[in-house]
1. Before we move on, is SER196 of a type in the set (Ser, Thr, Tyr) and assigned to a loop (DSSP other than H, G, I, E, B)?
2. So, of the residues in segment 81-131 that are over 15 Å from the mean Cα position of the chain (by Cα) and of a type in the set (Val, Ile, Thr), which turns out to be farthest from ASP226 (Cα to Cα)?
3. Only one of these is touching a Lys or Arg at 6+ places or on another chain (Cβ under 7 Å) and under 28 Å from ALA70 (Cα atoms): ALA95, ALA83, ALA129, ALA133. Name it.
4. Could you tell me which of the residues VAL227, VAL187, VAL138, VAL154 is of a type in the set (A, V, I, L, M) and within 19 Å of ASN117 (Cα to Cα)?
5. Any residue that is crowded, with 23+ Cβ neighbours inside 10 Å and not aromatic (Phe, Trp, Tyr) - is there at least one of those in segment 62-71?
6. So, LYS182, is that one surrounded by fewer than 21 Cβ atoms within 10 Å (Cβ to Cβ) and within 14 Å of VAL115 (Cβ to Cβ) or not?
7. Got a number for residues in segment 163-178 being surrounded by fewer than 19 Cβ atoms within 10 Å (Cβ to Cβ) and within 16 Å of ILE111 (Cβ to Cβ)?
8. Quick one: in segment 196-236, of everything that is within 13 Å of the chain's Cα centre (by Cα) and among the charged types (D, E, K, R), which residue is nearest to LEU86 (Cα to Cα)?
Amino acid sequence: MHRRHFLGLAAATCAAAHADTAFAQFATSPAAPLDKASRDALTPAQVLAELKQGNERFRAGKRLQRDYAAQQRGTAAGQYPAAAILGCIDSRAPAELVFDVGIGDLFTARIAGNVVNDDLLGSLEFACAVSGAKAVLVLGHTACGAIKGAIDDVEMGNLTGLLARIKPAISATTFAGDRSSKSAAFVDAVARTNVSTVIDHIRRRSPILADLETKGAIRIAGAMYDVSSGAVEMLG
């Protein structure tokens, strides 16, 4: 093969690979919310990559400057979020901040222990099948109080039933040390398992979302947020 032709093919291959994995900033300007054409042009991989880039900006103290009043006005007539986040109610893990996104960029569902039930499944189906979001991200976090409560068999009103949804993750977690809520490492290990368990439940209990993922229209993924460092680790 002629060297020039070979180099041309190599450059084209690299460009194609970059286009598939490169992130794309959601907002095109500080005042402009994400529009439908821009959102629809993103792949699920690009959406997740942009969330990771946003977290890196958050950690570095280099959050993008946004005109939230303009974004509020710009989304009044419609919204085109790129992803749906299923996160915990914990006040230390606000998805919009830790991913450095603007108004209209994300659907956010929050519940203690980032568990899933029929109502939340319906919400995620709305986000993806109706509104066109490209990714579902289950976001767990370190030092989770709901995880600790499930480990301790806490029983209190409606919280009892919620914590019961977390307990399968406890028995499914392989851990050699102290398996109590006093062990931060065990709590975080269960939280990671819980993220995987919730993802499995979403795929199993929502044929709509599972079908969209099979077709490549969305990706269902998991992540862990470290409340001490501010870092998000994408899982799997």
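1. Working: of a type in the set (Ser, Thr, Tyr): yes; assigned to a loop (DSSP other than H, G, I, E, B): no.
Considered against the rule, which asks whether it is of a type in the set (Ser, Thr, Tyr) and assigned to a loop (DSSP other than H, G, I, E, B), SER196 comes out as no.
2. VAL130
3. On the way: ALA95 fails: touching a Lys or Arg at 6+ places or on another chain (Cβ under 7 Å); ALA129 fails: touching a Lys or Arg at 6+ places or on another chain (Cβ under 7 Å); ALA133 fails: touching a Lys or Arg at 6+ places or on another chain (Cβ under 7 Å).
Exactly one residue qualifies, and that residue is ALA83.
4. Details: VAL227 fails: within 19 Å of ASN117 (Cα to Cα); VAL187 fails: within 19 Å of ASN117 (Cα to Cα); VAL154 fails: within 19 Å of ASN117 (Cα to Cα).
Going through VAL227, VAL187, VAL138, VAL154 in turn, just one is of a type in the set (A, V, I, L, M) and within 19 Å of ASN117 (Cα to Cα): VAL138.
5. Initial filter on segment 62-71 (crowded, with 23+ Cβ neighbours inside 10 Å): none.
Among the residues of segment 62-71, not one is crowded, with 23+ Cβ neighbours inside 10 Å and not aromatic (Phe, Trp, Tyr), which makes the answer no.
6. Details: surrounded by fewer than 21 Cβ atoms within 10 Å (Cβ to Cβ): yes; within 14 Å of VAL115 (Cβ to Cβ): no.
Judged against the criteria, LYS182 is not a match.
7. 2
8. ARG219
Every number in this text was worked out from the coordinates using simple rules, so none of it is lab data. Bear in mind the structure is a predicted one, so any value in this text is a computation, not a measurement. Virtual Cβ from ideal backbone geometry, glycine too; neighbours counted across all protein chains shown.
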